[in-house]
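The values are calculated or read from the model by the stated rules, or taken from the named source; none is laboratory data. Given the structure is predicted, the values throughout are model-derived calculations rather than measurements. Quick reminder, even Gly has a Cβ in these numbers, built from the backbone with ideal geometry, and neighbours come from all protein chains shown. Surface accessibility is based on the protein's heavy atoms, side chains included, excluding ligands, DNA and RNA. Shrake-Rupley method; radii C 1.70, N 1.55, O 1.52, S 1.80 Å.
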Amino acid sequence: MPALQTNSSKSPAAGTFDVVVVGAGFAGMYMLHRLRGSGLSVRVYEQGGDVGGTWYWNRYPGARCDVESMQYSYSFSDELQQEWDWSERYAPQPEILKYANHVADRFDLRTDIQLNTRVDRAVFDESASRWSVTTSDGNTVTAQFVILATGCLSNARMPDIKGLADFKGKVYHTGHWPHQPVDFTGLRVGVIGTGSSGIQSVPVIAEQASHLTVFQRTANFSIPARNAALTPEEREEFRSNYPEIRRFAREEARNGIYTDMPDRGALDDGDNERRARYESRWTRGGLTFMSVYNDLALDRAANDTAADFVREKIAEIVKDHEIAKLLQPNSHPIGTKRICIDSDYFAAFNRPNVTLVDIKADPIEEILPNGVRAGGKDYEVDALVLATGFDAMTGSVAKIELCGRDGQTLNQKWAEGPRTYLGLMSAGFPNLFLITGPGSPSVLSNMIVSIEQHVDWIADCIGYMRERDLDAMEAGKDAEDSWVAHVNEVAHGTLYPQANSWYMGANIPGKPQIFMPYIGGVGVYRQICNDVAAKGYEGFTMTATERPKMAASS
Ligand code: NAP
């Protein structure tokens, strides 16, 4: 077992904690920091060899964040945000991982984090109102609370393609990339998958490989990142305006990103004005392309204007007309699958060493020892990159056997899709919190904004219970049912459910298809959570366990 000392202000009995946190990514680290600050004993288990979560695993070429780093960063410590120097507008993965490590060291978090340790099972003891948590090293500890900081996109999904196991070359999954540098120089490489990970990695791999074959099932909308080095002046502008930038991102923005708010619909403008606005956002680059108008996620005709604009741009960039046509997305409204942010993705298809294969028309039949057979044609490759995504939002939670009231497991309860109250708790599973769980804005937002909001809410909630000697908290079934209905209703008022996206669980064969994140916006959601807390945690039940009376000592 990895050595670990606890520096918590409380010294728990061996194997007894106030809180077990699962995962030491951005959510788990901040959760630990907050709880320790309240004097609780905490043990964090992390299955990876270091902190960083998704940024520990996703080391593929070209990996970088798609929210500007000055915003995709913690806001809980002003010293931290004032002193950390992001080098680029969108930091590359190694720099984000360095930041995660810096945070772990700066706030002395490592002493309570046990690395290389998976949580396999947690069982709730109703009589004691405590969880019994069993880990991959064979140990069992108990804790009053368990907090799942397991990440939404941390369960890499290997595709079930015939012959994959017999491929002679190296196979890499973007979400589980080796820690040693991978050099594709002189190799023929195949990339399967054209979501964000594929779209970020293709231009970089194309520069190294002797030939790159991209197997595309669904064309995706992508906006240029316009990544660039950040100047000291740009950093300073953010830093001096952080109070307002962070406030806006938390309270007003729908997606937790500071940007100008759209005040009009796409059809309120004439063709020329609309085109000028799209042009200006395209030139600026980044995710805020979708905030140019306020109805792109709501109105198909409005959405079509943005989708047409991007399709035209693809046709302008890609020289070969047939390839351009294949790269133009037509299967879903723009933005209803997570929009991709790229650096020269479409231009990569102008290179003589890059081939696009349409596996929608000609599906992959099998992986051969030295290539890929699709549509009766063999494409020879020396290495395969699977950019095939994740079992998103529920995948990592489902890997843990979580037994709540009456022995019911969370997997049993969620067999028809995840059910939570506010994305924070699920009825029947007392004292079990989720950070950025299904039913919260989560993946539809700047994750760090949503993580900080959940962590603060959970820490405050645990503080409230301790002040009142309350032992157990549970989401009420009625509150949960109403919230699930609300999440659904809001989603179905938008165009999002029209796409076969991982938001809907549609990328996993057999996974129930329901829209998982809450689309009402982070500001609205925060207010709902705050109101619930202000009303004494309305919709939750909180109880005290009968304690045996102690004989009075003389
Ligand atoms: P993804 O969006 O789920 O894309 C997976 C791709 O693989 C899709 O093109 C999919 O095609 C294809 N695919 C899956 N199974 C396949 C199969 N059996 N045969 C052929 N093709 C198959 O996954 P991702 O690109 O890893 O991105 C997931 C999410 O992670 C993103 O949406 C984003 O939220 C996050 N992410 C963020 C960043 C960033 O911040 N910069 C970078 C990477 C990822 P279909 O579409 O037809 O299913």
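A few remarks follow.
- In order along the stretch 92-101, phi translates into HN-Hα couplings of x, 3, x, 6, 5, 5, 4, 5, 4, 5 Hz, rounded to whole numbers, per the Karplus curve 6.51 cos²θ - 1.76 cosθ + 1.60 with θ = phi - 60° and x for Gly and Pro.
- The convex hull of the Cα atoms of the stretch 246-364, projected and averaged over all directions, covers 9.0 nm².
- Projected area averaged over orientations for the chain, convex hull of C-alpha atoms, nm²: 27.1
- Relative to the current alpha-carbon distance between Ala534 and Ala228, full extension at 0.36 nm per residue lengthens the span by 105.8 nm.
- When Met447, Met465 are compared by accessible surface with a 1.4 Å probe, the order from highest to lowest is Met447, Met465.
- Note that the stretch 382-503, at 37 °C in a medium of 0.692 mPa s, gets a Stokes-Einstein diffusion coefficient of 204 µm²/s from its Kirkwood radius over C-alpha pairs.
- Amide H contacts for Asp120 (H built 1.01 Å from N in the peptide plane; partners 5 or more residues away or on another chain; cut-off under 5 Å): Thr134, Thr135, Ser136.
- Heavy-atom accessible area with a 1.4 Å probe sorts Thr231, Thr174, largest first, into Thr231, Thr174.
- Stretching Val524 away from Lys170 to a fully extended chain increases their span by 122.8 nm, per 0.36 nm per residue minus the current alpha-carbon distance.
- For Gln114, net neighbour charge (Lys/Arg +1, Asp/Glu -1) across residues whose Cβ lies under 13 Å away: -1
- Once the mean of 1/r is taken over each pair of separate Cα atoms and inverted, the stretch 86-244 shows a Kirkwood hydrodynamic radius of 20.5 Å.
- Computed log₁₀ I(q)/I(0) - Debye formula, equal Cα scatterers, no solvent, the stretch 1-138, q 0.17, 0.20, 0.22 Å⁻¹: -0.95, -1.19, -1.35
- Antiparallel bridges, percent of DSSP beta bridges restricted to the chain (to nearest 5): 40
- Sequence-ordered 3J(HN,Hα) estimates for the stretch 141-156 from the Karplus curve with 6.51, -1.76 and 1.60 and θ = phi - 60° stand at 10, 10, 8, 5, 10, 10, 10, 8, 10, 8, x, 8, 10, 10, 10, 4 Hz, glycine and proline given as x.
- Under Karplus coefficients 6.51, -1.76 and 1.60, residue-wise ³J(HN,Hα) of the stretch 444-458 in Hz, glycine/proline x: 8, 9, 5, 4, 5, 4, 5, 4, 4, 5, 5, 4, 5, 5, 5
- Whole-percent carbon and sulfur share, accessible surface of the chain, 1.4 Å: 48
- Sorting Phe124, Phe238 by accessible area puts them as Phe238, Phe124; the probe is 1.4 Å, largest comes first, and only protein heavy atoms count.
- Heavy atoms of Glu316: accessible area, 1.4 Å probe, square angstrom to 10: 120
- In the assembled protein chains, Asp260 presents an accessible area of approximately 80 Å² (probe radius 1.4 Å).
- A 1.4 Å probe, protein heavy atoms only, puts the accessible area of Arg338 near 60 Å².
- With Cα atoms as the point set, the radius of gyration and Dmax of the stretch 359-454 evaluate to 19.8, 55 Å.
- The stretch 50-122 shape via C-alpha gyration tensor axes, a/c threshold 1.5: oblate
- Rounded to two decimals, the Cα-based Rg/Rh of the stretch 444-554, with Kirkwood Rh, is 1.12.
- Distance between modelled label sites at Lys477 and Ala506, nm, 7 Å Cα→Cβ extension: 3.3
- Solvent exposure of the chain, expressed per residue, is 41 Å² of accessible area, with all protein chains present and a 1.4 angstrom probe.
- Once the chain from Lys325 to Lys162 is taken as fully extended at 0.36 nm per residue, the excess over their C-alpha distance is 55.8 nm.
- FRET efficiency for the pair Asp271 and Asn116, taken as 1/(1 + (r/R0)^6) with r the Cβ-Cβ distance and R0 = 35 Å, rounds to 0.05.
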